[in-house]
Amino acid sequence: MIELLTGGWRAQLARVGVELGIPDLLAGADLTVAELSTRTAVPQNLMYRLMRGLDSIGIAARIPDRPDGTTDAGATYALGPLGVHMVDGPGSMRDACLLYGDEFHSAWGNAPVAFGSSATGFEATYGTELIPYLAANPPVAKRFQSALAATSFYFDLLADAMEVPVHGVVVDIAGGSGALLTQVLQARPHARGVLTDLPHMLAIADGAFADAGLTERVTTMSVDLFRGRLPKDADIYVLSRVLGDWSDEECERILTNIKVAMGCRSRLWIVERLTRDDGSAPLATLWDLHLHVVNGGRQRSIREYQRLAEDCGLEILEDKRLPADNAALALRLR
Ligand SMILES: C[S@@+](CC[C@H](N)C(=O)[O-])C[C@H]1O[C@@H](n2cnc3c(N)ncnc32)[C@H](O)[C@@H]1O
């Protein structure tokens, strides 16, 4: 029970460690408490306690074989097994740690509002919904995308799972930072891609495609999910981690809009966490509640996706399970 109640403390401890740059410092060299104190301006006695805490959650690891018995200041730390993933750089969980410890944590602080009214916890905290907040705060939008990218470890499985044709055209709808399309185009060197999103996201995606040397093979377009015109008759349309942000009515509008662009050979792949009622998908269960608190969204079961698809004149052809309760569902026109 105490572990349950103190879960939020651990997330905050991780956030403090990252904000002070401890994983980055330890990535450079093993350091003593005295050295860490000098570099972070945290007083030595407090730094000793903080490092003991970061050790207890796997972000730092005390080196036992040093002659550190004499003073706390001499205790030496290396990067811990989780700290390795928090060092700044591509694929780092650093931004996820900051986003979950700051904006999402504050939104969860107003979770009771989200279960007792029509407002979200995010809106109760920040006075605006998540998407407009991100549009108005580019550094947080960048952090959000980098957090999404760091939790996209299964994207490399998707080019095969989605059966992307060798010379196919893939339209990644609300594709965010472009992480998924990058992986797909790297796995299919003759395929071409289109990424659509809101205007403030396109610069981030353009940067990612340029870094990956894919600029010639990708077009980015500002297209509103609900009413914007999508390229017609593409081989593959992708909706990854999008429908979870919206209500059933909004999902129907999104799917109906995509349907207008789809041809009879097109496939729409939905990539989302799938809920189950038998306790076998704990991450999807938690994310379902997180989406509700943060932006009024939800995760769905396979049955709920089947119903949505049917209501929109689509049918689910394939259901491929991915790690961490994720799945890729293939839909075609009915
Ligand atoms: C959770 S992110 C998913 C991004 C990406 N598909 C992925 O899996 O990493 C949701 C995306 O939807 C985009 N979005 C939100 N509202 C939109 C709208 N009305 N039209 C187009 N894109 C929208 C956001 O900008 C964001 O990039």
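The values are calculated or read from the model by the stated rules, or taken from the named source; none is laboratory data. Predicted, not measured: the structure shown is a model, and the values here were computed from it. Neighbour counts run over all protein chains shown; Cβ positions are idealised from the backbone, glycine included. Calculation scope for accessible area: heavy atoms of the full protein, side chains included, ligands and nucleic acids excluded. Shrake-Rupley method; radii C 1.70, N 1.55, O 1.52, S 1.80 Å.
On inspection, A78 passes the criterion of being surrounded by fewer than 18 Cβ atoms within 10 Å (Cβ to Cβ), modelled with pLDDT of 95 or more and not in a helix (DSSP H, G or I). One residue is enough: does segment 161-177 have a residue meeting the conditions within 11 Å of the ligand (Cβ to nearest atom), open to solvent by less than 40 Å² (accessible area, probe 1.4 Å) and part of a helix (DSSP H, G or I)? No.
For (1) in the same structural domain as W246 (by TED's automatic domain parsing); (2) buried (at least 20 other Cβ atoms within 10 Å of the Cβ); (3) within 13 Å of the ligand (Cβ to nearest atom), each residue gets a yes or a no:
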position: Y100; (1), (2), (3): no, no, no
position: A114; (1), (2), (3): no, yes, no
position: A135; (1), (2), (3): no, no, yes
position: P139; (1), (2), (3): no, no, no
position: D156; (1), (2), (3): yes, no, no
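Residues of segment 303-323 include at least one that is open to solvent by 30 Å² or more (accessible area, probe 1.4 Å), at pLDDT below 95 and under 17 Å from the mean Cα position of the chain (by Cα).
Scanning for something under 21 Å from L198 (Cβ atoms) and more than 24 Å from the chain's Cα centre (by Cα), does segment 261-282 turn up at least one residue? Yes, segment 261-282 contains a residue that is under 21 Å from L198 (Cβ atoms) and more than 24 Å from the chain's Cα centre (by Cα). When M221 is tested against (1) near the ligand (Cβ under 9 Å from one of its atoms); (2) at pLDDT 95 or above; (3) of a type in the set (A, V, I, L, M); (4) open to solvent by 10 Å² or more (accessible area, probe 1.4 Å), just one condition goes unmet, and that condition is (1). Pull up segment 116-133, narrow it to residues that are within 13 Å of the ligand (Cβ to nearest atom) and surrounded by 17 or more Cβ atoms within 10 Å (Cβ to Cβ), then point me to the one that is farthest from the chain's Cα centre (by Cα). Only one residue fits best here, namely Y133.
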